[in-house]
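Contents: one structure, followed by commentary.
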Amino acid sequence: MTYKIDFVNRRKIFFLISVLTILVGIISYAFQGLNLGIDFVSGTRLDFRFEKTIDLEKATKALDELGYDNPNARLGGDTNNILIFRINEKIEKKQVDQITERLKQIFGMTPHVQEQTVDPIIGKEIAQSAFYAMLIASVGIIIYVALRFEYRFAVAAVIALIYDALFIISVFSLLQLEVDLTFVAAILTIVGYSVNDTIVIFDRIRENMEMKKPKTWDELVEVVNSSIGQTLVRSINTVVTVIFGALALSILGGESIRNFSLALLFGLLSGAYSSICIASQIWVGWKWKSMQKERENPRKEPAVSE
């Protein structure tokens, strides 16, 4: 089934929306930055799990009394029964026991403690590895798409992927969600889904270009719009299916994978949007300029020697 929607002639609106969303993210990043987890900034994270809901203000006051000025603490869990405390230094076992005992006195419950410590050197290596993973993935995509299609497709696909990454970073900055290794895993997963969706659309565009051989702008627009329409149901079904899984992880999963599921949820929506409204629209504009240049400077047939 083919949906007849004029995506191409709305491309300027799509570009404007895309630029505005990234600008909002840049402003948020400039004022708030990212809430980096200890995987990237090193230090210690302590999760105190209680049987019942606890009061964050009382917990923060207790940490302040123990010498942790302006402690980076927040509540987690489905019933706000987990106190998540992070400090950018290594905490000794006697300090953990001291905090645990103080919280037990305040709330009348003995919490279950989970500790995670990352050395500064390891944190730096993790950040570098995450960057290299993203770089290698982008280069591999460029090479693959360029060989299978053409360089214009490759560049358009990478621009769409950059938008996906910036969009997720913007969301995490705005909501101040913690950025840890699961965030990197989510980004790489999103890259895979987004590229797959983009390649499906590009493959259909290539097939229709070979069959219809457009000569005018209207004919080129028809090829791209029909190609997107032919793959739209498939794109929607893929995204909706995975979104159900991401929602299930977000609602039923533990605290440790909640940010992963949220990044996956927002990223899948962004990936579908960027494939249809960014990658395809960049390509069609670029392709039309190329067709105009070829029309102005047609290749001359080589002279036949007598």
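The values are calculated or read from the model by the stated rules, or taken from the named source; none is laboratory data. Here the structure is a predicted model, which means the values were calculated and not measured. Please note: Cβ atoms are built from the backbone with ideal geometry, for glycine as well, and neighbour counts cover all protein chains shown.
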Original post:
What do you reckon, is Tyr163 farther than 25 Å from Gly33 by Cα, of a type in the set (Ser, Thr, Tyr) and in contact with a helix residue (DSSP H, G or I) (Cβ under 9 Å, 6 or more places away or on another chain)?
Top reply: no
**OP:** Tell me the helices (runs of 4 or more DSSP H) entirely within the range 1-100 that contain at least 1 residues that are at pLDDT below 85 and either buried (at least 16 other Cβ atoms within 10 Å of the Cβ) or on the phi > 0 side of the Ramachandran plot (or both).
**Re:** 38-41, 56-65
**OP:** Could you run through the range 184-206 and say how many residues are in contact with a Leu (Cβ under 8 Å, 6 or more places away or on another chain), among the aromatic types (Phe, Trp, Tyr) and crowded, with 23+ Cβ neighbours inside 10 Å?
**Re:** 0
Original post:
of a type outside the set (Val, Ile, Thr), within 20 Å of Ala160 (Cβ to Cβ) and at pLDDT 80 or above: does that describe Ser227?
Top reply: yes
**OP:** Sort out which residues of the range 169-202 are outside any helix (DSSP H, G or I) and touching a Phe, Trp or Tyr at 6+ places or on another chain (Cβ under 9 Å), and write them in order of number.
**Re:** Leu177, Glu178, Val179, Asp180
Original post:
Which one is surrounded by the most Cβ atoms within 10 Å (Cβ to Cβ), of the residues in the range 146-163 that are over 20 Å from Ile187 (Cβ atoms) and free of Cβ contacts under 8 Å to residues at least 60 places away in the same chain?
Top reply: Phe149
**OP:** Write out, first by first residue and then by second, each pair whose Cβ atoms fall under 7 Å of each other, whose residues are 6+ apart or on separate chains, and whose first residue, in the range 286-306, is part of a helix (DSSP H, G or I) while the second is modelled with pLDDT of 75 or more.
**Re:** Trp286/Arg152; Lys287/Arg152; Lys287/Leu220; Trp288/Trp217; Trp288/Leu220
Original post:
Of the residues that make up the range 223-231, is at least one surrounded by 13 or more Cβ atoms within 10 Å (Cβ to Cβ), within 18 Å of the chain's Cα centre (by Cα) and under 18 Å from Arg11 (Cβ atoms)?
Top reply: no
Original post:
Can you name the residue in the range 111-146 that is farther than 24 Å from Ala160 by Cβ and of a type in the set (A, V, I, L, M) and, of all such residues, is modelled with the highest pLDDT?
Top reply: Val113
